[in-house]
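Colleague: Below is a structure I'd like to ask you about.
The values are calculated or read from the model by the stated rules, or taken from the named source; none is laboratory data. Keep in mind that this is a model prediction, so the values were computed, not measured. Positions of Cβ are generated from backbone atoms using ideal geometry, with glycine treated the same way; all protein chains shown enter the neighbour counts. Side chains included, ligands, DNA and RNA excluded: accessible areas come from the protein's heavy atoms. Shrake-Rupley method; radii C 1.70, N 1.55, O 1.52, S 1.80 Å.
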Amino acid sequence: MTWRWEYEPDREAVADGAPAGFLAGVEKMAGELVRAAEALHLHGPSYQGADEGAKHAFVAGGFFVYMITPRSELLTIWQVTPDPLS
């Protein structure tokens with residue numbers, strides 16, 4: 001397996017209508033979080049602990065909600081929330 005990130009259930013459902021610049025920041029941060037998770041969970045598929053649950057990450061223009069699943073070597077983005085004042 002290889003660590004990766006994806007929108008759950010898909011980009012259209014999660015990010016439709018969000019500004020392109022904001023989404024670029026979300027996707028860049030998702031890549032950074034994947035690299036960090038890969039370094040933390042060197043043997044992801046054999047991970048025996050509980051998943052950490054949902055977390056928030058703030059980027060320029062808003063935030064997003066994500067979850068890391070080590071056994072699947074996967075970061076899923078569940079919600080993106082652009083700042084309405086941006």
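Colleague: How much of the accessible area of the chain, in percent, comes from carbon and sulfur atoms when a 1.4 Å probe is used? Each step should come with its number before you reach the end.
Modeller: Working: 2940 of 5210 Å².
Ligands and nucleic acids excluded, carbon and sulfur give 56 percent.
Colleague: Just the number: Rg to Rh for the chain, Cα atoms, Kirkwood Rh, two decimals.
Modeller: 1.00
Colleague: Follow-up question, since we're still on this one. Tell me the per residue accessible area of the chain using a 1.4 Å probe; a whole number in Å² is fine.
Modeller: With all protein chains present, the chain gives 61 Å² per residue.
Colleague: Of all DSSP beta bridges in the chain, what percent run antiparallel (nearest 5)?
Modeller: 75
Colleague: Here's something else I'd like to know. Based on the Cβ-Cβ distance from T81 to Y47, what FRET efficiency comes out when R0 is 41 Å, to the nearest 0.05?
Modeller: Step by step, r from the Cβ atoms, then E = 0.90.
Colleague: Considering the zone a paramagnetic label at T2 would reach in this model (a point 7 Å from Cα along the Cα-to-Cβ line), which residues of region 22-42 have amide N under 17 Å from it?
Modeller: 31-39
Colleague: Another question, then. Would you kindly state how much longer the chain becomes between A20 and A36 on full extension, computed as 0.36 nm times their sequence separation minus their alpha carbon distance, in nm to one decimal?
Modeller: Extra length available between A20 and A36 comes to 3.3 nm.
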